[in-house]
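Peer 1: Structure provided below as C-alpha cells; questions to follow.
What follows is calculated from the coordinates using simple rules that are stated; it is not laboratory data. Since the structure is predicted, the reported quantities are computational estimates derived from the model, not experimental observations. Note that we place each Cβ from the backbone using ideal geometry, even for glycine, and neighbour counts take in every protein chain shown.
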Amino acid sequence: MEKIKIILVDDHQIVRDGIKSLLTDVEDIDVISEAASYNELREKLKLQNPDIIVMDISLPEMSGIEITKLLSETYPNLKVLILSMYTGEDFIFNAIKSGAKGYLPKNTTRKEIIDAIRAVYNNQEYYSESISSVILKSYIQKAKTSYIEPDRLEDRLTLREIEILKHFAGGLSNLEIADKLFISQRTVESHKNHIMQKLELKSTVELIKMAIKYKIVDI
C-alpha cells in the first residue's frame, strides 16, 4: 500500500509528538519528518518528498500562512493542511488565499485529522465543521451587505443617475439620453461610469439586469 507522506510543522515538540502518536497506527499515513520553523522545513524538503505538510500558523521566523504561500509557489504539487488554534475569519481566509487545501482547529478529533489528510491527498479541500461555519457566516454577511434593496437604490445613486439608468435600460443611446436631458454625451457617459462603479457592475448587460431587477425599468 502506498502511504501518504506527511511532514509536521509546529514549534512545540509536545504538539508534534501528540499528532505523531495519533497517526502512528494509521496504515496509509506515514509521518516522515517534522520541523519547528520554515528554515528547518526548507532543509527537510531538500532531502524528502512529502505529499502533505500539516502546518501550524504561529511559527518563529515566518508564519504558517506565509510559508504556505511560498510552498504553493515553489512546490505546486505539495499540499498544505493547516492545524491551528487560530480560527478567526482573517486567519482562515488568508490561509485559503495562500494556497492551503484544508483547515482544522487544534481541538479536532483523531478521526477528523485522518479524514482531512486523506481528502487533501485526493485533491479535495477539507474544512472542519467549525471552520466551515465561519466561512459560511462570512459569506452570508457579505451577501447581505452587498445586496441592494429595491427601495434603497437611491442610497447608492443620485436622482440624475437613476434617471440615466432608466433611460439607458429602456434602450436609449447616449445621444438620445443627452438630447432628452439637455446634457452632453460625455456627461451621460460619465454618469454611466459612476453608476457602474457604485454598483460594482462590469458590463452594460449587468447594468440593464440591475435596472430590471430593481424595477427601474419594466420589461
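Peer 1: Of all residues being assigned to a loop (DSSP other than H, G, I, E, B) and under 15 Å from the mean Cα position of the chain (by Cα) in the range 63-101, which is surrounded by the most Cβ atoms within 10 Å (Cβ to Cβ)? Just the residue, please. Let's see the steps before the verdict.
Peer 2: Quick first cut of the range 63-101, residues assigned to a loop (DSSP other than H, G, I, E, B) only: 63, 75-78, 85-88, 99-101.
With under 15 Å from the mean Cα position of the chain (by Cα) added as a condition, the list becomes 87-88, 99-101.
Numbers: Thr87: 17, Gly88: 10, Gly99: 17, Ala100: 26, Lys101: 23.
Once the filter is applied, the top-ranked residue is Ala100.
Peer 1: Against the definition (among the aliphatic types (A, V, I, L, M) and part of a helix (DSSP H, G or I)), how does Leu45 come out, yes or no?
Peer 2: yes
Residue-by-condition table, conditions (1) polar (S, T, N, Q); (2) in contact with a Gly (Cβ under 7 Å, 6 or more places away or on another chain):
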site	(1), (2)
Glu27	no, no
Ala36	no, no
Glu43	no, no
Gln48	yes, no
Asp51	no, no
Asp56	no, yes
Ile65	no, no
